[in-house]
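One structure is given below, encoded as structure tokens.
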Amino acid sequence: MKRAALLYALLAACAPQEPLPIHYSIPAFELTAQDGRKFSSQSELQDKIWVADFIFTTCTGPCPRMSRQMKQVHEATSDLANLRYVTFTVDPKNDTPEVLAAYAKRYAADTSRWSFLTGSQEDLHRLKLEAFKLGSVDGSLNHSTRFVLVDRKSRIRGFYGTTGEDGIPQLLRDLKQLANEHDPA
């Protein structure tokens with residue numbers, strides 16, 4: 001296991017904190033996965049904990065770092081069942097399923113657990129702005145650099161910065177806590 005993933009795994013083993021807050025719900029959605037098939041949140045994510053982020057494949061700024069971090073989180077949590085990772089594009093015009101598949105390959109993503117999604121700008125905009133409350137998909141390619149933790153009932157349980165030292169270790173602790181949580185109200 002890589003050094004960073006080992007560190008994250010050790011931090012995640014710490015005792016659970018207070019119950020995670022319940023923010024708001026993500027509505028059901030249908031987009032297109034990196035393999036060109038329809039991705040329905042109701043069938044793919046039902047009863048699963050998942051981590052989401054927003055990137056674009058031609059980004060030379062934070063997106064490569066975020067994708068490396070998502071890979072580290074994925075590796076550090078490989079022992080947790082029913083956990084998924086979902087990367088949404090903010091550049092649906094250019095990030096076709098084929099482009100997303102190449103991007104997934106670049107990060108050696110296990111696409112049985114980590115999906116890269118595209119769709120219409122309208123659908124992605126609605127999800128990012130109204131559901132995740134992380135801004136718009138308006139062609140400007142501006143996007144949040146936070147990861148979002150979503151529980152088995154499609155409720156957001158946390159937002160995690162990817163630029164500081166605390167965000168990813170906290171996400172790992174919260175993932176472990178959520179995996180052990182018994183259906184909160």
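What do you reckon, is Q42 farther than 24 Å from L129 by Cα and either outside any loop (DSSP other than H, G, I, E, B) or in contact with a strand residue (DSSP E or B) (Cβ under 9 Å, 6 or more places away or on another chain) (or both)?
When the stated conditions are applied, Q42 does not pass them.
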What pairs can you find where one residue is in the range 159-183 and closer than 13 Å to L149 by Cα and surrounded by fewer than 16 Cβ atoms within 10 Å (Cβ to Cβ), the other is among the β-branched types (V, I, T) and at pLDDT 90 or above, and their Cβ atoms are less than 9 Å apart, with a gap of 6+ or different chains?
G161/I168
Over the range 45-86, the set of residues part of a helix (DSSP H, G or I) and not polar (S, T, N, Q) is C63, P64, R65, M66, R68, M70, K71, V73, H74, E75, A76
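Take the range 99-114 and flag every residue that is in a helix (DSSP H, G or I) and touching a residue at least 60 places away in the same chain (Cβ under 8 Å). Walk me through how you get there before you give the answer.
As a first pass, look at the range 99-114 and keep what is in a helix (DSSP H, G or I): 99-106.
L100, A101, Y103, A104 - these are the residues of the range 99-114 that are in a helix (DSSP H, G or I) and touching a residue at least 60 places away in the same chain (Cβ under 8 Å).
Yes or no, residue by residue, for (1) at pLDDT 90 or above; (2) of a type in the set (S, T, N, Q):
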| residue | (1), (2) |
| --- | --- |
| Y8 | no, no |
| C14 | no, no |
| E18 | no, no |
| S41 | yes, yes |
| L45 | yes, no |
| F54 | yes, no |
| T60 | no, yes |
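Any idea which residue in the range 47-62 is nearest to the chain's Cα centre (by Cα), counting only those that are among the β-branched types (V, I, T) and farther than 30 Å from N180 by Cα?
To start, the set of residues in the range 47-62 that are among the β-branched types (V, I, T) comprises 49, 51, 55, 57-58, 60.
Cutting the leftovers down to farther than 30 Å from N180 by Cα gives us 57-58, 60.
Values: T57: 15, T58: 18, T60: 19 Å.
Top of the filtered list is T57.
Select from the range 115-138 the residues that are crowded, with 16+ Cβ neighbours inside 10 Å and either touching a Gly at 6+ places or on another chain (Cβ under 8 Å) or part of a loop (DSSP other than H, G, I, E, B) (or both) and list them in ascending order. Walk me through how you get there before you give the answer.
Narrowing the range 115-138 to residues crowded, with 16+ Cβ neighbours inside 10 Å: 115-119, 121, 123-128, 131-132, 134, 136-137.
Listed by number, the residues that qualify are G119, Q121, K128, F132, L134, S136, V137.
The values are calculated or read from the model by the stated rules, or taken from the named source; none is laboratory data. Quick caveat: nothing in here was measured; it's all calculated off a predicted structure. All Cβ positions, glycine included, derive from the backbone under ideal geometry; neighbour counts span all protein chains shown.
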